[in-house]
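The values are calculated or read from the model by the stated rules, or taken from the named source; none is laboratory data. Since we're looking at a predicted model, the values are computed, not measured. So basically every Cβ, Gly included, is an ideal-geometry build from the backbone, and we count neighbours across all protein chains shown. Ligands, DNA and RNA are excluded from the accessible area calculation, which covers all protein heavy atoms including side chains. Shrake-Rupley method; radii C 1.70, N 1.55, O 1.52, S 1.80 Å.
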Amino acid sequence: MNNFSHTSVLLFECIEALNIRDGYTYVDCTAGGGGHSLEIAKRMGKNSRLICFDRDKDAIAAATARLHDYLDRVTFINDNFSSLERVIRDLKIDNLGGVLADLGCSSYQFDTPERGFSYMHDAALDMRMDVDSPLSAYNVVNEYSESELKKIIFDYGEERFAPRIAGAICSARAQKPITTTHALADIIKGAIPSAARADGPHPAKRTFQAIRIEVNGELDAIKPLIDSAAASLVPGGRLAIISFHSLEDRIVKQAYKSLLGGCTCPKDFPVCICGRRPIIKEITKKPILPTNEELESNPRSRSAKLRIAEKL
């Protein structure tokens, strides 16, 4: 494993958001290199417990090393945070005080060429957060139909040239399989009109994002995570989620909204018969954004948004 380097985004804001108290269990759903986890562990009392999830074995190893002084009260789970409900049940956790999820990829994954996440490095197409997962970027690029590619590039990448890019990928792979990140990036670049490439982000950015989201099922687990956390938190427990693009943020907002609502009976009903009550309250009406100082020190934080909720 290369040195696992990752700068935790909105670190101070996340720790403040969790309102850490002794005697409770806390969950870091995306441990990464252990930055957020370490700060949680430092603030926990000796009667508290920390559960650290990550799908990436390298991240688990790095976080374990970083939290070496606190291993007596930390449990590492090498799994998707979609298994939160099962883990809470299996570990018989009844004092869940806070849940944190940083939905972004780690810098380590982008900066390690052999992981195949970035168009900046030439490497085999991969993009798997869990290297044991059967689905890789190679499979998506070379095996999905043109209509499937067009849909994920448009939906997950919000790429207006999705039809052209999907068509170009299918034409190229008909000659030979597309096996590397640079080969794919060149195909994408060639499919986008030169005028549209004159400014803005790298022409492959949105398509690479879309393929990565598809490979890792990144959007599918967000709402189940929020629902499981909200159901399991003790009253006053906090849920803090950092999103990095509009698709994630939209899901977080909608999931929070569904838990904020109270009675849905028609207003002319004399009494409530639905029995619905709010489960959470929003601590942040608007998302917390990185400060100018953080943006200067960590430009990758620029799209981060932190939304905080509290269990009623």
If you take the residues of segment 263-295 that are among the acidic types (Asp, Glu) and within 26 Å of Ala240 (Cα to Cα), which of them is least open to solvent (accessible area, probe 1.4 Å)?
Glu294
Please go through segment 70-82 and pick out each residue that is in contact (Cβ under 8 Å) with a residue 24 or more places away in the chain and either more than 21 Å from Ala17 (Cα to Cα) or surrounded by fewer than 21 Cβ atoms within 10 Å (Cβ to Cβ) (or both).
Tyr70, Arg73, Thr75, Phe76, Ile77, Asn78, Asp79, Asn80, Ser82
Look at Ala59 and say whether it is open to solvent by less than 10 Å² (accessible area, probe 1.4 Å), more than 27 Å from Gly217 (Cα to Cα) and among the small types (Gly, Ala, Ser).
no
If I ask for residues that are of a type in the set (D, E, K, R), part of a loop (DSSP other than H, G, I, E, B) and closer than 13 Å to Arg212 by Cα, which ones from segment 125-178 would you list?
Asp126, Arg128, Asp130
Exception for Ile226 within (1) under 30 Å from Lys189 (Cβ atoms); (2) open to solvent by less than 30 Å² (accessible area, probe 1.4 Å); (3) assigned to a helix (DSSP H, G or I); (4) not basic (Lys, Arg) falls at (1)
Of the residues in segment 134-161, those that are open to solvent by 40 Å² or more (accessible area, probe 1.4 Å), closer than 17 Å to Asp220 by Cβ and under 22 Å from the mean Cα position of the chain (by Cα) number 5
Tell me, yes or no, whether segment 152-164 has at least one residue that is modelled with pLDDT of 95 or more, touching a Ser or Thr at 6+ places or on another chain (Cβ under 8 Å) and aromatic (Phe, Trp, Tyr).
no
Residue check, Ala183 free of Cβ contacts under 8 Å to residues at least 60 places away in the same chain and either surrounded by fewer than 12 Cβ atoms within 10 Å (Cβ to Cβ) or within 15 Å of the chain's Cα centre (by Cα) (or both):
no
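If you take the residues of segment 120-133 that are more than 19 Å from the chain's Cα centre (by Cα) and modelled with pLDDT of 95 or more, which of them is most open to solvent (accessible area, probe 1.4 Å)?
So, considering only residues that are more than 19 Å from the chain's Cα centre (by Cα) and modelled with pLDDT of 95 or more, the one most open to solvent (accessible area, probe 1.4 Å) is Asp122.
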